[in-house]
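The values are calculated or read from the model by the stated rules, or taken from the named source; none is laboratory data. What you see is a predicted model, and the numbers here were worked out from it, not measured in a lab. Every residue, glycine among them, receives a Cβ derived from its backbone with ideal geometry; neighbour counts consider all protein chains shown. In case anyone asks, the SASA skips ligands and DNA or RNA and just uses the protein heavy atoms, side chains included. Shrake-Rupley method; radii C 1.70, N 1.55, O 1.52, S 1.80 Å.
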Amino acid sequence: MERFKALVVDKADEGTVMDIKEIGMDDLSEGEVTIKVAYSSVNYKDGMVGVTGSIAETFPIVPGIDLAGTVISSEDERFQEGDEVIATSYYIGTRHSGGFSEVARIPAEWVVPLPEGLTLKESMELGTAGFTAALCVKRLEENGLEPGAGKVLVDGASGGVGSLAINMLADKGYEVVASTGRTEEAEYLKSLGAAKVIHRDEVTDTDGKSTRKRQWQAAIDPVGGKTLQYILSSLDYGGSVATCGLAGGIEVETTVLPFISRAINWLGIDSVKYPMEPRIKVWESLAGELKPSALETHISHEVSLEELPDTLRDILKGRVRGRIIVKF
Ligand code: NDP
């Protein structure tokens, strides 16, 4: 492929400028594996790279932290022409040209073979959001989460990580309470398996109490900020929160009290530098026991490369429901 289409983001006087351009291999970052991209997906981070440029480490950049496709050529013996692969995380789409391009070139050590049980499309319906939700569920279970032992709160519920986490937990038999700013999405969230839907104001700290009524055996928190403050103050004895995002803010005020009087666990989740060996296993679980039952019907819709600039603006404004995939 000599020339192909990609979304290119460059710095502007204020923020960034996004253009669909015809580019060539010389415009892509270096790597051993060249991939014909079949699908990408839209994550909050892509909005940050495309719209504000805040987390882009180089310009111009092709954003897209997720991609899945077929190997066109490989200089690494682990991959052959025709292999179906997934590439997410590391510096893809922030420092290394990413998935919003018909062709991508990725270092072999960042490439995951598509596991049996997932199609390329399904792998991007999951994408980094699904991978992160799976990391949260696994980490909570390693710390004692079990069905029947109490409610699990998922906030940022209508977003990518939140909606996939609800679906994964409900499929495993957990009683999930979904917190959202968009209660008009209650039926959608219930269709993913939420037992109850509450407004995010109910789990936002407004009074600075470090402990309050114990309500949750665990929580998955893509929001952070005052929501996380509330969660820390309301986890049950021995409960855990998996902190994975900052959609509502990065600052958190707490005290030692819930830690030393309720033995709670504050668990950090990072998908970006998660090592390759366990990463492959997480993708295998996403193709098996953790594959969300409602993936096809409830979670995704598709956009084209041309529709991406508007979609990236929408995701930063919290207007996107569930997952959006990009089809090439
Ligand atoms: P989405 O935009 O799809 O979802 C975020 C959701 O958070 C929104 O849908 C909304 O849910 C809620 N939200 C948005 N703004 C606010 C606000 N101001 N206050 C409270 N809630 C808000 O993003 P993703 O699900 O893709 O990502 C979620 C977060 O997780 C991001 O911060 C992202 O950077 C982070 N992340 C981290 C990863 C890691 O490795 N740790 C990997 C992937 C994502 P609702 O309308 O239902 O309230």
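Would you call Phe131 among the aromatic types (Phe, Trp, Tyr), within 15 Å of the ligand (Cβ to nearest atom) and over 23 Å from Val8 (Cα atoms)?
Details: among the aromatic types (Phe, Trp, Tyr): yes; within 15 Å of the ligand (Cβ to nearest atom): yes; over 23 Å from Val8 (Cα atoms): yes.
In short, yes.
Scanning for something surrounded by 24 or more Cβ atoms within 10 Å (Cβ to Cβ) and within 16 Å of the ligand (Cβ to nearest atom), does the range 140-147 turn up at least one residue? Outline the logic, then answer.
Quick first cut of the range 140-147, residues surrounded by 24 or more Cβ atoms within 10 Å (Cβ to Cβ) only: 140.
Then keep just the ones that are within 16 Å of the ligand (Cβ to nearest atom); that gives 140.
Within the range 140-147 (the criterion being surrounded by 24 or more Cβ atoms within 10 Å (Cβ to Cβ) and within 16 Å of the ligand (Cβ to nearest atom)), the answer is yes, since at least one residue qualifies.
Keeping to the range 24-48, report how many residues are in a helix (DSSP H, G or I) and within 22 Å of Val320 (Cα to Cα). Let's see the steps before the verdict.
Start the filter on the range 24-48 by keeping residues that are in a helix (DSSP H, G or I), which leaves 25-27, 44-48.
Now narrow it down to the ones that are within 22 Å of Val320 (Cα to Cα): 44-48.
So the answer is 5.
Suppose we keep only residues that are polar (S, T, N, Q) and touching a helix residue (DSSP H, G or I) at 6+ places or on another chain (Cβ under 6 Å) within the range 290-303. Which one would you say is farthest from the ligand (Cβ to nearest atom)? Steps first, please.
Initial filter on the range 290-303 (polar (S, T, N, Q)): 293, 297, 300.
Filter once more, so that each one left must be touching a helix residue (DSSP H, G or I) at 6+ places or on another chain (Cβ under 6 Å): 293, 300.
Numbers: Ser293: 19, Ser300: 12 Å.
Top of the filtered list is Ser293.
Taking the range 290-303 on its own, how many of its residues are open to solvent by 40 Å² or more (accessible area, probe 1.4 Å) and either without any contact (Cβ under 8 Å) to a residue 40 or more places away in the chain or among the hydroxyl-bearing types (Ser, Thr, Tyr) (or both)?
Step one: list which residues in the range 290-303 are open to solvent by 40 Å² or more (accessible area, probe 1.4 Å), which gives 291, 293, 296-298, 301-302.
Narrowing further to those that are either without any contact (Cβ under 8 Å) to a residue 40 or more places away in the chain or among the hydroxyl-bearing types (Ser, Thr, Tyr) (or both): 293, 297, 301-302.
Of the residues in the range 290-303, 4 are open to solvent by 40 Å² or more (accessible area, probe 1.4 Å) and either without any contact (Cβ under 8 Å) to a residue 40 or more places away in the chain or among the hydroxyl-bearing types (Ser, Thr, Tyr) (or both).
Would you tally the residues in the range 304-328 being modelled with pLDDT of 90 or more, within 12 Å of the ligand (Cβ to nearest atom) and buried (at least 22 other Cβ atoms within 10 Å of the Cβ)?
So the count comes out to 4.
What's the total number of residues in the range 5-26 that are under 27 Å from the mean Cα position of the chain (by Cα) and under 28 Å from Pro113 (Cα atoms)?
Within the range 5-26, residues that are under 27 Å from the mean Cα position of the chain (by Cα) and under 28 Å from Pro113 (Cα atoms) number 4.
Would you kindly identify the strands (runs of 3 or more DSSP E) lying entirely within the range 150-269 that contain at least 1 residues that are within 16 Å of the ligand (Cβ to nearest atom) and farther than 20 Å from Thr128 by Cα?
151-154, 175-180, 196-199, 235-243, 265-268
Looking only at the range 279-289, which residues are more than 14 Å from the ligand (Cβ to nearest atom) and either open to solvent by 30 Å² or more (accessible area, probe 1.4 Å) or out of contact with any Leu (no Cβ under 7 Å at 6 or more places or on another chain) (or both)?
Ile280, Lys281, Trp283, Glu284, Ser285, Gly288, Glu289
Give the residues of the range 119-133 that are open to solvent by 10 Å² or more (accessible area, probe 1.4 Å) and either under 17 Å from the mean Cα position of the chain (by Cα) or charged (D, E, K, R) (or both), sorted by residue number. Reasoning before the result, please.
Going residue by residue through the range 119-133, those that are open to solvent by 10 Å² or more (accessible area, probe 1.4 Å) are 119-122, 128, 132.
Leu120, Lys121, Glu122, Thr128, Thr132 - these are the residues of the range 119-133 that are open to solvent by 10 Å² or more (accessible area, probe 1.4 Å) and either under 17 Å from the mean Cα position of the chain (by Cα) or charged (D, E, K, R) (or both).
Go through the range 62-91 and give me each residue that's outside any loop (DSSP other than H, G, I, E, B) and more than 14 Å from Glu32 (Cβ to Cβ). Spell out how you get there, then give the answer.
Going through the range 62-91, the residues outside any loop (DSSP other than H, G, I, E, B) turn out to be 66-74, 84-88.
Within the range 62-91, Asp66, Leu67, Ala68, Gly69, Thr70, Glu84, Ile86, Thr88 qualify.
Within the group Ile106, Ile65, which residue is buried (at least 20 other Cβ atoms within 10 Å of the Cβ), closer than 19 Å to Arg279 by Cα and within 16 Å of the ligand (Cβ to nearest atom)? Quick ask: steps written out before the conclusion?
Details: Ile106 fails: within 16 Å of the ligand (Cβ to nearest atom).
Every option except Ile65 fails the conditions.
Among the residues of the range 246-282, write down those that are within 25 Å of Asp236 (Cβ to Cβ), β-branched (Val, Ile, Thr) and under 17 Å from the mean Cα position of the chain (by Cα).
Across the range 246-282, the qualifying residue is only Ile269.
Tell me the residue from Ser191, Ser233, Ser240, Ser210 that is among the hydroxyl-bearing types (Ser, Thr, Tyr) and more than 23 Å from Ser261 (Cα to Cα), please. Give the derivation first.
Details: Ser233 fails: more than 23 Å from Ser261 (Cα to Cα); Ser240 fails: more than 23 Å from Ser261 (Cα to Cα); Ser210 fails: more than 23 Å from Ser261 (Cα to Cα).
Result of the check over Ser191, Ser233, Ser240, Ser210: Ser191.
Which one of these is closer than 14 Å to Val112 by Cα and of a type outside the set (A, V, I, L, M): Phe59, Phe79?
Working: Phe59 fails: closer than 14 Å to Val112 by Cα.
Of the residues listed, the single one that is closer than 14 Å to Val112 by Cα and of a type outside the set (A, V, I, L, M) is Phe79.
Test of understanding: among Gly225, Gly156, Gly181, which residue is closer than 20 Å to Ile324 by Cβ, at pLDDT 95 or above and more than 17 Å from the chain's Cα centre (by Cα)?
Values: Gly225 fails: closer than 20 Å to Ile324 by Cβ; Gly156 fails: more than 17 Å from the chain's Cα centre (by Cα).
That would be Gly181, the only listed residue that is closer than 20 Å to Ile324 by Cβ, at pLDDT 95 or above and more than 17 Å from the chain's Cα centre (by Cα).
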